[in-house]
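Please treat every number below as a calculation from the coordinates, not as lab data. Computed from a predicted model, the values in this text were never measured in an experiment. As a convention, Cβ positions derive from the backbone with ideal geometry for all residues, glycine included, and neighbour counts pool all protein chains shown.
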């Protein structure tokens with residue numbers, strides 16, 4: 001056997017090739033089935049969004065009468081015009097952007113600083129600080145204590161109620177800490193000898209090296225902030241200050257039609273047309289759909305880093 | 001050898017309070033860097049944990065957390081005495097088990113199937129597409145599924161009519177609502193969940209496959225005897241991480257997808273905590289339920305970790 005192996009091996013330069021040669025009929029059937037099956041699965045990931053898009057660009061008065069399968073019918077951008085002229089939608093869009101940008105910046109800054117300190121072996125009581133951080137991953141106060149805290153801090157209806165409570169994520173900090181620990185100490189030591197202080201070392205040496213992990217965690221935070229809604233629903237009570245996700249929820253799920261001005265003032269529409277709902281959903285989701293192909297690889301990297309730690 | 005034995009003695013001396021203080025002074029630059037984050041951690045994570053005490057108090061808004069009188073376990077007794085709480089608990093458990101039993105193996109299967117595709121670009125494209133739902137909020141997806149499954153206008157209903165069947169209102173029927181939750185949850189998380197396993201699969205030593213090929217192992221034998229055992233540690237770790245989720249129902253999903261008609265099965269503890277807590281202002285009761293859930297999920301993680309360590313020799317700590 002041993003000799004056989006040795007003599008056969010050199011004749012198989014590429015794994016790909018020899019695999020194809022040795023396929024049996026059963027395997028061929030399996031492969032074909034597999035390719036088609038996975039293709040169909042992926043179709044189910046795209047189709048709902050396509051359907052949404054097709055509905056959003058249909059004429060609302062005619063759309064209800066016919067069934068949309070794939071192709072948009074009765075093309076009209078009226079729904080978008082309606083939706084975008086609603087002040088709640090564009091204010092929501094603005095608040096969502098503010099929340100995403102500010103929230104990501106604050107979370108990255110605080111998390112990175114924490115992670116940096118925890119990554120240093122010479123940090124006094126390092127285990128203790130790590131423990132009090134990791135503990136929050138498994139144990140939390142829950143909905144009501146959080147709500148009461150925000151109320152007592154006077155942060156109701158303030159954008160900070162959406163930004164500060166989630167800015168310290170144990171998971172993200174652990175990932176960043178692990179990344180920072182992989183950077184050799186020698187870089188820092190020479191800087192210390194040159195008399196640089198900790199903040200200088202952090203920003204001059206470590207930040208440039210940490211760009212990959214900062215991009216990954218930053219994008220996680222950003223997508224999380226864009227999609228977050230529950231905190232906004234309970235902390236923000238003024239409709240003008242509400243983020244887009246909650247406005248979307250009001251329109252699509254609660255069927256509220258006061259938020260979008262429907263076809264002028266005269267026509268009283270009792271039910272929000274599907275096309276309007278689809279258009280609001282598109283406006284909310286489009287930023288994600290547009291950036292997702294470009295950012296997904298950073299996301300994947302982060303998952304890998306996270307899983308390596310385990 | 002001698003110097004190594006001497007070390008603990010020095011360590012003991014060093015662990016004194018004064019020494020620690022000196023260390024903090026010595027590394028104050030580093031410590032200052034993390035102080036703002038620690039303050040945030042204390043305010044926004046530990047103050048709410050401290051606030052859990054209202055589960056043991058008769059909380060009144062005017063009196064505040066401090067001024068409200070202690071009532072021991074009265075709140076728990078009251079909560080556990082309510083049939084609707086047990087209904088919610090049961091719903092949460094059923095949903096949790098369904099999500100775990102059906103939802104957990106799916107990404108593994110997807111990863112295995114994707115791994116069998118030889119055309120690299122096709123595989124890459126499929127993977128990228130499968131991540132898509134992960135990036136979209138449950139509000140969007142709920143709206144989407146409500147439209148798709150709508151018995152009057154949705155394409156699924158149209159498909160039913162096309163084959164001459166009566167359209168079924170999946171989201172409005174108690175018997176099917178749970179399945180809608182489970183299937184849509186799988187749909188959202190399967191692609192993303194498979195990343196970890198695909199990473200593990202790419203790390204499998206290719207020479208093992210070559211050796212097996214020469215020994216005449218069939219494709220399925222190779223998967224069974226090489227691929228699966230190779231990713232078993234990853235699967236175990238993911239299972240541990242998922243264990244606590246049996247009691248943490250997917251609030252975002254259930255809350256947004258449910259409607260009054262399916263309240264009987266959609267009333268899970270997450271939704272119930274929200275309703276009695278923030279809608280009905282029964283703060284103590286709501287916190288008691290949160291605490292109850294948190295303790296169970298914490299215990300679940302601990303338990304699975306211990307079992308896994310005993311059986312498989314790998315845990316997360």
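In peptide A:193-202, how many Cβ atoms from other protein chains are near each Cβ within 10 Å, on average? The partial results should precede the final answer.
Values: counts 0, 0, 0, 1, 3, 7, 4, 1, 3, 3.
Across A:193-202, the average partner-chain Cβ count within 10 Å equals 2.
Once the piece of chain linking residue A:29 and residue A:301 is laid out straight, how much longer is it, given 0.36 nm per residue of separation minus the C-alpha distance between them?
Details: separation 272, 0.36 × 272 = 97.92 nm, distance 3.40 nm.
Difference between extended and current length: 94.5 nm.
Kindly rank A:214-225, B:95-106 from highest to lowest mean number of other beta carbons found within 10 Å of each residue. Mind showing how you got there, number by number?
Values: A:214-225: 21.2, B:95-106: 17.2.
Packing proxy ranking, top to bottom: A:214-225, B:95-106.
What does the average come to when, for each residue of peptide B:283-290, you count the partner chain Cβ atoms lying within 10 Å of its Cβ? Before the final figure, lay out each step's value.
Details: counts 5, 1, 1, 5, 7, 2, 3, 7.
Per-residue shielding by partner chains comes out at 4.
Ranking A:167, A:42 by Cβ neighbours within 10 Å, fewest first, what do you get?
Details: A:167 24, A:42 19.
Ascending Cβ contact count within 10 Å gives the list A:42, A:167.
Could you please state, rounded to a whole Å, how far the C-alpha centre of segment A:192-230 is from the C-alpha centre of segment B:129-207?
35
So for the pair residue B:102, residue B:222, with labels modelled 7 Å out along Cα→Cβ, what separation do we get in nm?
3.3
Using a 7 Å offset from Cα along Cα-Cβ at residue A:207, what residues in segment A:106-145 end up with backbone N under 17 Å from the label point?
Within reach of a label on residue A:207: A:106-117.
To the nearest 500 deg cm²/dmol, what mean residue ellipticity at 222 nm is calculated for chain B from DSSP H runs of n ≥ 4 alone, each contributing -39,500 (n - 2.57), summed and divided by the residues? Mind showing how you got there, number by number?
Working: 19 runs with 220 residues, N = 317.
Taking each H run of at least 4 residues, the total per residue is -21500 deg cm²/dmol.
Would you mind giving the three semi-axes, in whole Å and largest first, of the ellipsoid equivalent to the protein assembly as shown according to its Cα gyration tensor? Walk me through the numbers on the way to the answer.
Working: eigenvalues 337, 293, 129 Å².
For the protein assembly as shown, the ellipsoid semi-axes come out as 41, 38, 25 Å.
Can you figure out the FRET efficiency of residue B:158 with residue A:75, using R₀ = 22 Å and their beta-carbon distance, to the nearest 0.05?
Numbers: r = 20 Å, r/R0 = 0.92.
After rounding, the FRET efficiency stands at 0.60.
Using a Förster radius of 25 Å, what is the FRET efficiency between residue B:77 and residue B:299 based on their Cβ-Cβ separation? Nearest 0.05, please.
Values: r = 21 Å, r/R0 = 0.84.
Between residue B:77 and residue B:299 the formula returns 0.75.
Provide the gained length on full extension for the span residue B:306 to residue B:174, in nm with one decimal, where the gain is 0.36 nm per separating residue minus the Cα-Cα distance. Write down the numbers at each step before the final one.
On the way: separation 132, 0.36 × 132 = 47.52 nm, distance 3.74 nm.
Between residue B:306 and residue B:174, full extension yields an extra 43.8 nm.
Could you give the length gained by full extension between residue B:21 and residue B:241, i.e. 0.36 nm per residue of separation minus their alpha carbon distance, to one decimal place?
Details: separation 220, 0.36 × 220 = 79.20 nm, distance 3.72 nm.
So the extension gain works out to 75.5 nm.
If I take R0 = 25 Å and measure r between the Cβ atoms of residue A:130 and residue A:186 in this structure, what FRET efficiency does the formula 1/(1 + (r/R0)^6) give, to the nearest 0.05?
Details: r = 23 Å, r/R0 = 0.94.
Efficiency, from the Cβ-Cβ distance: 0.60.
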